[in-house]
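*Asks:* I'd like to ask you about the structure that follows.
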Amino acid sequence: HNIKGNLKVVAHRGASGHAPENTMAAFNKAVELEADYIELDLQMTKDGKLVVIHDPTVDRTTNGTGEVKEFTYEELRKLDAGSWYHKKFSGQKVPSLEEVLLTFKGKIGLLIEVKNPGLYDDLHVKLAEELNIFRKEKFENEEVIVQSFDFEWLEKFHTKIAHVPLGLLVKYRVQGVSNVQLKDWSSLVQFINPNKALVTNKLVKKIHSYNMRTMPYTVRDKKTIKPLLDAKVDGIITDYPDFFMNNKG
Ligand code: G3P
Ligand code: CA
């Protein structure tokens, strides 16, 4: 018996409970821990390269300081994105989206979060172009999902690459989610991914009734799993994919 069943396990910023977030080390760890997806956050460099880092600045997760958009890709690659977490991860770099697609496409699903679309011009065009390049080879259904807190950005992105499934993230501070909103959103997105504190059995039922699915974020504590499973969520975004591994003992 395992608790996983059909549940999609999404490694949040990679297996970020075990390795520095949004690095190749964290993504490799997610594969090792048998996650179904890696979640990753996008920002863009001064020279227009899509890169995988959570914050709009490099301060928290690298040894540098400043805004991502003020670095060229070459400059950004000189930073160490692993040492802040533990010295054994020194030498980890800020990955490009291209590198992540090349390395992981076909090995694990990608849940790409577009973090601060307002900071960058034409991010929707850039991302669509980059995904289109990969689609020419082999781009299976839901191998890549794009999510954002910004519904209007998702609408713009959709006009550039209609076949990519979309997710809308919902913050805890919203005052519930209405039927009208869900109906509206369901015309564009396949996933509503709320803060886990918003999840109730009723909300999940409503999401399902509009033919969408839900993968709440972010599980960091085993105690928070059962209520989500009881509510019948479709996936869980977690720093610890190992919580859901089959017991192979
Ligand atoms: O995948 C959803 C979750 O990652 C959103 O919050 O701050 O971790 O990007 P954050
Ligand atoms: Ca994220």
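*Asks:* I'd like to check something: does segment 36-48 contain any residue that is of a type in the set (D, E, K, R), touching a residue at least 12 places away in the same chain (Cβ under 8 Å) and in contact with a Gly (Cβ under 9 Å, 6 or more places away or on another chain)?
*Replies:* yes
*Asks:* Then there is this: Which of (1) more than 16 Å from ligand 1 (Cβ to nearest atom); (2) at pLDDT 95 or above; (3) surrounded by fewer than 19 Cβ atoms within 10 Å (Cβ to Cβ) does PHE149 not meet, given it meets every other one?
*Replies:* That leaves (1) as the condition not met.
*Asks:* Still on this model: Could you check how many residues of segment 35-50 are away from ligand 2 (no atom under 14 Å from the Cβ) and under 21 Å from LEU102 (Cβ atoms)?
*Replies:* 8
*Asks:* Do we find that SER96 is within 25 Å of GLU32 (Cα to Cα), among the polar types (S, T, N, Q) and in contact with a Ser or Thr (Cβ under 6 Å, 6 or more places away or on another chain) in this structure?
*Replies:* No, not satisfied.
*Asks:* Is there a residue being modelled with pLDDT of 95 or more, within 16 Å of ligand 1 (Cβ to nearest atom) and assigned to a helix (DSSP H, G or I) anywhere in segment 40-53?
*Replies:* no
*Asks:* Among (1) closer than 20 Å to MET24 by Cβ; (2) within 16 Å of ligand 1 (Cβ to nearest atom); (3) modelled with pLDDT of 95 or more, there is one condition PHE104 misses while meeting the rest; what is its number?
*Replies:* Going through (1) closer than 20 Å to MET24 by Cβ; (2) within 16 Å of ligand 1 (Cβ to nearest atom); (3) modelled with pLDDT of 95 or more one by one, PHE104 breaks only (2).
*Asks:* Hey, another quick one. With the condition being free of Cβ contacts under 8 Å to residues at least 40 places away in the same chain, within 16 Å of ligand 1 (Cβ to nearest atom) and crowded, with 18+ Cβ neighbours inside 10 Å, I'd like the strands (runs of 3 or more DSSP E) fully within segment 158-249 carrying at least 2 qualifying residues.
*Replies:* Because the criterion is at least 2 residues that are free of Cβ contacts under 8 Å to residues at least 40 places away in the same chain, within 16 Å of ligand 1 (Cβ to nearest atom) and crowded, with 18+ Cβ neighbours inside 10 Å, the strands (runs of 3 or more DSSP E) in segment 158-249 that meet it are 166-170, 191-194.
*Asks:* Let me ask another. Filter segment 4-34 for residues that are within 12 Å of ligand 2 (Cβ to nearest atom) and either within 23 Å of GLU130 (Cα to Cα) or in a strand (DSSP E or B) (or both) and give the result.
*Replies:* VAL10, ALA11, HIS12, ARG13, GLY14, GLU21, ASN22, listed by residue number.
*Asks:* OK, next. Restricting the search to segment 160-207, which residues are under 19 Å from LEU111 (Cα atoms) and of a type in the set (S, T, N, Q)?
*Replies:* SER186, GLN190, ASN193, ASN195
*Asks:* If you check LYS88, LYS69, LYS78, which single one turns out to be at negative phi, charged (D, E, K, R) and assigned to a loop (DSSP other than H, G, I, E, B)?
*Replies:* Unique residue meeting the criteria: LYS78.
*Asks:* Here is a follow-up. Taking GLU155 and the conditions (1) out of contact with any Asp or Glu (no Cβ under 7 Å at 6 or more places or on another chain); (2) assigned to a strand (DSSP E or B), which numbered condition does it fall short on, given that it satisfies the others?
*Replies:* Failing condition for GLU155: (2).
*Asks:* Taking segment 3-50 as the region of interest, how many residues are under 18 Å from GLY167 (Cβ atoms) and of a type in the set (Asp, Glu)?
*Replies:* So the count comes out to 3.
*Asks:* If you don't mind, another one. Of a type in the set (Val, Ile, Thr) and in contact (Cβ under 8 Å) with a residue 24 or more places away in the chain: which single residue out of THR62, THR57 fits that description?
*Replies:* Step by step, each of THR62, THR57 is checked, and only THR62 is of a type in the set (Val, Ile, Thr) and in contact (Cβ under 8 Å) with a residue 24 or more places away in the chain.
*Asks:* In segment 68-90, is there at least one residue being under 14 Å from the mean Cα position of the chain (by Cα), within 16 Å of ligand 2 (Cβ to nearest atom), crowded, with 17+ Cβ neighbours inside 10 Å and without any contact (Cβ under 8 Å) to a residue 40 or more places away in the chain?
*Replies:* The answer is no, given that none of the residues of segment 68-90 is under 14 Å from the mean Cα position of the chain (by Cα), within 16 Å of ligand 2 (Cβ to nearest atom), crowded, with 17+ Cβ neighbours inside 10 Å and without any contact (Cβ under 8 Å) to a residue 40 or more places away in the chain.
The values are calculated or read from the model by the stated rules, or taken from the named source; none is laboratory data. Keep in mind the model is a prediction, meaning the values are calculated, not measured. Glycine gets a Cβ as well: all are built from the backbone with ideal geometry, and neighbour counts include every protein chain shown.
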